[in-house]
Amino acid sequence: MSQFSEEMADIAQELITEFRTQIVITRQVGGDVDPVTGAVTSPTTQNQTVDAIPLPASKGTVEAFDQRFVGGTLIETNLRALKIAGQNLQWPPEPLQTVTLEGAAWEVIGVTKSTLDNDNLVYSLTIRR
């Protein structure tokens, strides 16, 4: 990591820490088929608590979806955006993981990385309840 990208990562971490709310990202790992016995192993649940800044979904985010209504409800009411610092993560966020925010479970439906010198500074997530 170059000195400049390290400074930018530190600034991103400081800003997110200052205005943060803590969330839990949950993923399932494993759940493979044992080739010898044919038995399916149960997936393991892993959690990591991270600092994030929750934001309302922008009009552009909503318009990016072909189907803007789910169950007769405009998806904008069920979408949020999150900004997460790229430092100190156990693993990077990915679609289909679950985020616990404000006591509710949200599904990660999109992740965009902001990078500098191939270092992940900030992750922008779109989540849906």
Any chance you could run the full-extension gain for Gln48 through Glu7? It's 0.36 nm times the residue separation minus the Cα-Cα distance, nm to one decimal. 12.3 nm
How large is ³J(HN,Hα) for each residue in the stretch 38-54, as worked out from phi by the Karplus curve 6.51 cos²θ - 1.76 cosθ + 1.60 (θ = phi - 60°), to whole Hz, x for Gly and Pro? x, 6, 8, 7, 6, x, 9, 8, 10, 10, 9, 9, 9, 8, 8, 10, x
Using modelled amide H (1.01 Å from N, peptide plane; none on Pro or chain starts), what sits under 5 Å from the amide H of Gln97, excluding residues fewer than 5 places away? Val108
5 Å is the cut-off here: which amide hydrogens, built 1.01 Å from N in the peptide plane, fall below it relative to Leu116, excluding neighbours closer than 5 in sequence? Leu121
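Only the coordinates and a few stated rules stand behind these numbers; no lab work does. Please read all numbers here as calculations on a predicted model, not as lab measurements.
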